[in-house]
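Read the structure below first, then the notes.
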Ligand SMILES: Cc1ncc(COP(=O)(O)O)c(C=O)c1O
């Protein structure tokens, strides 16, 4: 073990007993160069952040330019920050008509919190609804929405009331009533095990919210900005929510979240009282400059379409394994889930794939499902490398434990 890794284990707060622990020296494109002398293919894009891979010149150039102009100059919302305004305007152009105002935050969970506050303020109601398997972040209210009771339990009581409903079940939507301020939904669940709902579910959800006067919040933190083969996953369903929440890829590799809505929705946070929802660092100039540069590349290079094509090839490749341990494979764009019959096998498969120098992981709320979400800029040769590594990992994960190195 290197000295740096010892210090990591000693001084950096740990999130589990089993961190992946790769010691990254530098990262370029889809590859991480590590202290063990090996290069690893980043097949999870830093959990959905690195849509353009690492060190993209457009992002680095925008960062250098912004660094020379200024870093932080004032808390959010007071000064006219060029990079912030330009990113907000561009998002407003690209989001569905009517969603033309953006509130920037530092992270996904923080954007969820802001969206919930806006919904309470606009509707005057207290309740929220969310779905089994959902993941919306780990701050208190975002956690209250979590669709995995094991993660909620140690931290209760959490803000609420929250009604938890089965995902992709039109019949359950009748429980959403006029006590509900907002329903929060991932248009495709990622941590829930890459669950892709039927269009009828998302449309019925929109109708139910309209009927009872609840706001509909789409959590596109992971699905947004090309990942699913469309710029926003909402396009697959032809449904316009009241609030769209973004983060992950939004900052081009820097921390940035946003909740985006109609004027009147976000105006509710600016009065009674004024300054009722503020942040120091939200929409940091560096994050916005990097995010805008990344977004322009995603749009100009049609990376959403590329994700569709590469995602299809990835799905075909995995289906070609014909492995009896695999219960199913599903995907939308470059968000692919491999569902195994057995969680222990899934975990062995992940470990063996990482040992073969391809970084993947399982999903938080579905331990039999392994998630693949590489950069949208993935090269064909990288795709082949990953398929080869996963094919060999399947074989070695099958070997009895004593025979494995
Ligand atoms: C769908 C979804 N929503 C919200 C979040 C929380 O984002 P953050 O970790 O930036 O707080 C995540 C993070 O993984 C996520 O996948």
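The values are calculated or read from the model by the stated rules, or taken from the named source; none is laboratory data. Everything numeric in this text was worked out from a predicted model, so none of it was measured. Note that each Cβ is placed from the backbone with ideal geometry, even for glycine, and that neighbours are counted across all protein chains shown.
The residues listed here are 282, 251, 317; of these, the one that is more than 15 Å from residue 225 (Cα to Cα) and either at pLDDT below 95 or within 16 Å of the ligand (Cβ to nearest atom) (or both) is 282.
Scanning the range 1-30 for residues that are without any contact (Cβ under 8 Å) to a residue 60 or more places away in the chain and touching a strand residue (DSSP E or B) at 6+ places or on another chain (Cβ under 7 Å) yields 23, 24, 25, 26, 27, 28. Can you name the condition, by its number, that residue 231 falls short on among (1) within 16 Å of the ligand (Cβ to nearest atom); (2) under 21 Å from residue 188 (Cβ atoms); (3) within 14 Å of the chain's Cα centre (by Cα)? The single condition residue 231 does not satisfy is (1).
Taken over the range 262-291, residues that are surrounded by 13 or more Cβ atoms within 10 Å (Cβ to Cβ) and assigned to a helix (DSSP H, G or I) amount to 13. On inspection, residue 142 passes the criterion of being within 16 Å of the ligand (Cβ to nearest atom), under 26 Å from residue 337 (Cα atoms) and in a helix (DSSP H, G or I).
Residue 124 - would you say it is surrounded by fewer than 17 Cβ atoms within 10 Å (Cβ to Cβ), on the phi > 0 side of the Ramachandran plot and modelled with pLDDT of 95 or more?
Numbers: surrounded by fewer than 17 Cβ atoms within 10 Å (Cβ to Cβ): yes; on the phi > 0 side of the Ramachandran plot: yes; modelled with pLDDT of 95 or more: yes.
Considered against the rule, which asks whether it is surrounded by fewer than 17 Cβ atoms within 10 Å (Cβ to Cβ), on the phi > 0 side of the Ramachandran plot and modelled with pLDDT of 95 or more, residue 124 comes out as yes.
Count of the range 66-81 residues, restricted to those that are in contact (Cβ under 8 Å) with a residue 40 or more places away in the chain and within 15 Å of residue 289 (Cβ to Cβ), is 8. Checking each residue in the range 300-343 for being in a loop (DSSP other than H, G, I, E, B) and surrounded by 15 or more Cβ atoms within 10 Å (Cβ to Cβ) picks out 301, 321, 323, 325, 333, 334.
Scanning the range 63-81 for residues that are closer than 21 Å to residue 260 by Cβ and in contact with a helix residue (DSSP H, G or I) (Cβ under 8 Å, 6 or more places away or on another chain) yields one hit, 81. All of 294, 346, 389 fail the test of being at pLDDT 95 or above, more than 30 Å from residue 88 (Cα to Cα), outside any strand (DSSP E or B) and touching a helix residue (DSSP H, G or I) at 6+ places or on another chain (Cβ under 6 Å), apart from 389. Where residues in the range 193-220 are crowded, with 24+ Cβ neighbours inside 10 Å and part of a loop (DSSP other than H, G, I, E, B), which of them is farthest from the ligand (Cβ to nearest atom)? Among them, the one singled out is 214.
Pick out the one residue from 262, 195, 230 that is at pLDDT 95 or above and in contact with a helix residue (DSSP H, G or I) (Cβ under 8 Å, 6 or more places away or on another chain). I'd like the intermediate steps shown before the answer.
Working: 262 fails: in contact with a helix residue (DSSP H, G or I) (Cβ under 8 Å, 6 or more places away or on another chain); 195 fails: in contact with a helix residue (DSSP H, G or I) (Cβ under 8 Å, 6 or more places away or on another chain).
Exactly one of 262, 195, 230 is at pLDDT 95 or above and in contact with a helix residue (DSSP H, G or I) (Cβ under 8 Å, 6 or more places away or on another chain), namely 230.
Among the numbered conditions (1) surrounded by 15 or more Cβ atoms within 10 Å (Cβ to Cβ); (2) more than 16 Å from the ligand (Cβ to nearest atom); (3) not assigned by TED's automatic domain parsing to the domain that holds residue 243, the only one that residue 66 does not meet is (3).
The set of residues from the range 145-185 being touching a residue at least 60 places away in the same chain (Cβ under 8 Å), within 14 Å of the ligand (Cβ to nearest atom) and assigned to a strand (DSSP E or B) comprises just one member, 184.
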